[in-house]
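One structure is given here, and the rest of the page talks about it.
The values are calculated or read from the model by the stated rules, or taken from the named source; none is laboratory data. Predicted, not measured: the structure shown is a model, and the values here were computed from it. Quick reminder, even Gly has a Cβ in these numbers, built from the backbone with ideal geometry, and neighbours come from all protein chains shown. Keep in mind that these areas ignore ligands, DNA and RNA; they rest on the heavy atoms of the full protein, side chains included. Shrake-Rupley method; radii C 1.70, N 1.55, O 1.52, S 1.80 Å.
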Amino acid sequence: DVVETQEHYKSRWRSIWIMYLTMFLSSVGFSIVIMSVWPYLQKIDPTADASFLGWIIASYSIGQMVASPLFGLWSNYRPRREPLVISTAISVAANCLYAFVHVPHSHNKYYMLTARALVGFGAGNVAVVRSYIAGATSLTERTSAMANTSACQAVGFILGPVFQTCFTLIGEEGVTWKFLCLQLNMYTAPVLFGALLGVINIILIFAIFREHRVDDMGRQCKSINSDGEGSDVLDQNAEGSIDHVAVVALNILFFVILFVFAVFETIATPLTMDMYSWTRKEAVFNNGIILSVIGIESVIVFMVVKILSKKTGERAILHAGLLIVLVGFFILLPWGKKLPNIQWQEIKNNSIPRTAPTEMLMPFWSLQEMQLPSNHTAEPVGCPITQSWCLNTPMIYLAQYISSDVLIGLGYPVCNVMSYTLYSKVLGPKPQGVYMGWLTASGSGARILGPVFVSQIYTHLGPRWAFSLICGVVVASLLLLEIVYKRLIAFSVRYGRMQE
């Protein structure tokens, strides 16, 4: 019963592939400078401290959270090419601004903050991308297309730091073009490369992208975004109301999924430095390798769930993914009797008694002075005594940490794809731009709050409290999923137009 010409089919999938590319470039724009932001910030503005770095990192998510509903609303009423081109142009301009933040004589850190916020604002187009893919695919194509979209996003996050590493060959000084006031170095070359990719993306959107829409069964429909291209027939299945209980529940579930993964990413470096006495360099290098492996694992998972979902359905896979994430964080709970090494302890040949009350009451800087000779330059390693929980909380074994990484790397991509897929199916043939905007905004909010939450709880109460609370949040999300389980069905199934 599918009525679609071969020409329409090819044009539709070419447009979807352009959306995949847009999603890939959006994630590259975030990750291509993430490793070099701090040294570049210190170079251009010595007044910037670590707390300001936190604002710069968060500004991307804040910009995306603000922009997603706006671009989504725009895409509901106008040809999607408009918000796609404008958002990509904003990202290109923001990357160029980032390359010139060294030029002003003062307040350079605020220019960098503005540049990263605008890059995030431009990345709000992911709501447009996902709403287009939802409208341009049938129910049977939807899961596969959403998985491909998430895979492109994951590959972008993986390759961004790889591009950054390649550009380090240019060096910190690089080449200066005085007539352009441009320093082409390891900090600016990646963003200019990102700007070039953005320009290519805009050209491809104009040249290849076309508005297409099909109903849940794959039949051509007239798109509300149509700019005069094609001669699609009207969709007769758009009647009916959206199940807003299911929509709100999926927004909450998506927030939890992004929240726990943001916690996981944030905690990796400080946790391994505290537990295994790794130096900053060792922690960044080792966790970089681990996260890269998890990224590759995620891409494989994205491909596998496309097959599994056809046999078990999206709801069951989402349930399984949340359970895997729960087990992953449960494994991280400290157990046993061995305590982590206290910072500076090994430098004084293990002569610091863990429970000596006089030393526990000493200021941290006094303890440093007492333990180190004046000419000592070694980087302190171990669990800092300023974190009082270090004195009584068992260490998390490396095997626990690696096992947790593997499980979270398996559960997160499953939950990510299934939540997007179910969300688009619940919304059905209605214009999805605004709804996808809110879903993207909820994910951006989670990426902002996750690091704040874990930095406070972990620092003051330790890993036992931090990971117990995360487990509690995941259990609550599983209960929510059980409550709304029967409501998470496709729009057409809900109104009896298709069988599940």
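Among the GluC sites (Glu not before Pro) within region 104-176, those in coil by DSSP and having at most 12 neighbouring Cβ atoms inside 10 Å are Glu173. Per residue, the solvent-accessible area of the chain (1.4 Å probe, heavy atoms of protein chains only, all protein chains present) comes to 44 Å². A quarter of the convex hull surface defined by the alpha-carbon atoms of region 400-500 gives 8.0 nm² as the mean projection. Between the listed residues Gly288, Met395, Pro69, the Cα displaced farthest toward the positive end of the dipole of the chain, a dipole computed from Cβ unit charges relative to the Cα centre, is found at Pro69.
Let me have the relative contact order for the chain, percent, based on Cα pairs under 8 Å that are six or more residues apart. Please list the in-between numbers first.
Details: 814 pairs, mean separation 119.8, N = 500.
Averaging sequence separation for qualifying contacts and normalising by length gives 24 percent for the chain.
Nearest 10 degrees is fine. How inclined is helix 314-331 to the longest principal axis of the chain, computing both from alpha carbons? Between helix and principal axis, roughly 0 degrees.
Using only alpha-carbon positions, what ratio does the radius of gyration of region 1-223 give when scaled by 2.2 N^0.38 Å? Mind dumping the intermediate values first?
Details: Rg = 19.1 Å, N = 223, 2.2 N^0.38 = 17.2 Å.
In units of the globular-protein estimate, region 1-223 measures up at 1.11.
Just one of (i) 1.06; (ii) 1.31; (iii) 1.73 is Cα Rg over 2.2 N^0.38 Å calculated from these coordinates, so which is it? Checked against the structure: label (i). Taken about its Cα centre, the chain carries a charge dipole of roughly 500 debye when the Cβ of each Lys and Arg holds +1 and the Cβ of each Asp and Glu holds -1.
Under the convention that each Lys and Arg Cβ holds +1 and each Asp and Glu Cβ holds -1, the size of the dipole of region 1-223 around its Cα centre is about 360 debye. Cα centroids of region 136-161 and region 244-268: 18 Å apart.
Any idea what angle helix 50-77 forms with the longest principal axis of the chain, computed on alpha-carbon atoms, 0 to 90 degrees, nearest 10? It works out to around 10 degrees. For helix 433-461, what angle does its Cα long axis make with the longest principal axis of the chain, in degrees from 0 to 90 and rounded to 10? Approximately 10 degrees, to the nearest 10. For Ile342, the residues whose amide H sits under 5 Å from its own are Cys383, ignoring neighbours fewer than 5 places away on the same chain, with H placed 1.01 Å from N. Quote the accessible area belonging to Glu482 in square angstrom, nearest 10, computed with a 1.4 Å probe and with ligands, DNA and RNA left uncounted. Solvent-accessible area, nearest 10 Å²: 110 Å². Accessible area of Asp274 (1.4 Å probe, protein heavy atoms only, ligands and nucleic acids ignored): about 10 Å².
Tell me, what is the FRET efficiency for Trp17 and Lys178 to the nearest 0.05, using R0 = 45 angstrom and their Cβ-Cβ distance as r?
Details: r = 42 Å, r/R0 = 0.92.
Using R0 = 45 Å, I get an efficiency of 0.60.
Measuring with a 1.4 angstrom probe and ignoring ligands and nucleic acids, Leu97 comes out at about 60 Å² accessible. The distance separating the Cα centre of region 402-425 from that of region 23-64 comes to 26 Å. Residues Phe330, Phe157, Phe209, ordered by accessible area of protein heavy atoms at a 1.4 angstrom probe radius and largest first, appear as Phe330, Phe157, Phe209. Listed as lacking a disulfide-compatible partner in the chain: Cys96, Cys152, Cys166, Cys181, Cys221, Cys415, Cys471, by the criterion of no other cysteine Cβ under 4.7 Å.
Using the rule -39500 (n - 2.57) for each DSSP H run of four or more residues, divided by the residues of the chain, the 222 nm mean residue ellipticity is -23000 deg cm²/dmol.
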